[in-house]
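One structure is given below, encoded as structure tokens.
Every number in this text was worked out from the coordinates using simple rules, so none of it is lab data. Not measured: the values here are computed from a predicted model. Cβ sites come from the backbone with ideal geometry, for glycine too, and all protein chains shown count toward neighbours.
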Amino acid sequence: MPLPLRLLRFPAAYTSLAIVALSLSGCSTGQFVARGAAPLIDNGVVAMNRETDLELARASIPANLKMIESLLLADPGNVTYRVQAAMGFYGYALGFVEADHPGRATDLYRRAFDHARDALDRAGMTEAVLTGDAATFNETLAKLDVRAVPALFWTASSWAKLIELHLEDPARLAELPRVEALMRRVLALDETYYHGGAHLFFGVYYGARAPMFGGDFARAARHFDRAAALNQNRMLLVEVYRAQYLLRQMGDRAAFHATLSRVLDAPASSDPDLNLANALAKKQAAALLSQEDDLF
């Protein structure tokens, strides 16, 4: 049980040193407390990724996201928290909201995008550059190094979702080359980030469209294969997306059915950090199989 504050006594020298340390670091008290919470937040992210009960995860994630946002109020320049917030809002929208409430999912993807874009701004690509003239955009993007990979990945991922949910809007579609460029920079800097997530993105990007509209089935297959290799076939979402976006577009019903059936029959992953992602993948595989007659 913590001692009441009035019972704690610190030597005057220690108190002075603490005040000096705070003033030298340029941190407000709020920033100091927020940054001190980093290990707790990191552990919370790990614990959530290891959750196997989807309903428990669905109920728990919103409170965790609000905790991160409360810390960002005290420390708005904290890039780590920005990335964690972007990842959390994106994952919550994708896993628990989009299928039933696309309008609400759009709002959540927008919040993910705003957090990721803030992190990208602090990495050197401001919002004005992100949406400005092509030459400045490409020049700035080429200067970003591996430290910008998380911000690049989650900015591109959430931006892509905002476009996907508004395909009827030509202005949205015109933004797609910027998204592609951001994700290509992720590939160039660190193809392993988030279990090969950039390769998964391009698997969907080239697989979901017919060749006459820019699709490339062979290229999509190579990206799905590379993503699977990088995560040692532990991330089941790779195969779910392969079936949903590539095999369905190819009209290969037998492979579609076999691939999703393997996902459902897959044993528990040897990587506990993929527990939640794989539970969601199994749920999505079951939903796709239930729609097989309509999809083909």
Practice problem: Express in whole angstrom the spacing between the alpha-carbon centres of the range 235-275 and the range 172-215. | Solution: 19 Å
Quiz item: Want the number for A254 to S290: 0.36 nm per residue separation, take away the alpha-carbon distance, what's left?
Solution: 11.5 nm
Quiz prompt | Likely footprinting exposure, M235, M48, M212, fewest C-beta neighbours within 10 Å first | solution = M212, M48, M235
Practice problem: When a/c is below 1.5 the answer is rounded, else prolate if a/b is larger than b/c, else oblate, so apply that to the range 29-147 with a ≥ b ≥ c taken from the square roots of the Cα gyration tensor eigenvalues. | Solution: oblate
Self-check item: Overall form of the range 195-257 per C-alpha gyration tensor (a/c, 1.5; a/b vs b/c)
Solution: oblate
Quiz item: Mind checking which helices in the chain clear 15 Å along their axis (Cα) and have mean Kyte-Doolittle hydropathy of 1.0 or more, DSSP H runs only?
Solution: 12-25
Quiz item: With Cβ to Cβ distances under 9 Å as the rule, what net charge do the other residues near G77 carry (K, R +1; D, E -1)?
Solution: 0
Quiz item: Order of D294, D145 from fewest to most other C-beta atoms within 10 Å?
Solution: D294, D145
Quiz item: When Rg is the radius of gyration of the Cα atoms in the chain and Rh is its Kirkwood radius, what does Rg/Rh come to?
Solution: 1.03
Quiz item: Taking the simple approach of a point 7 Å from Cα along Cα-to-Cβ for both D100 and V146, what is their distance in nm?
Solution: 4.2 nm
Quiz item: Mind ordering 216-228, 111-123 by average Cβ neighbours within 10 Å, highest first?
Solution: 111-123, 216-228
Quiz prompt | Shape metrics for the range 191-296, restricted to C-alpha atoms - Rg then Dmax, Å | solution = 13.2, 41
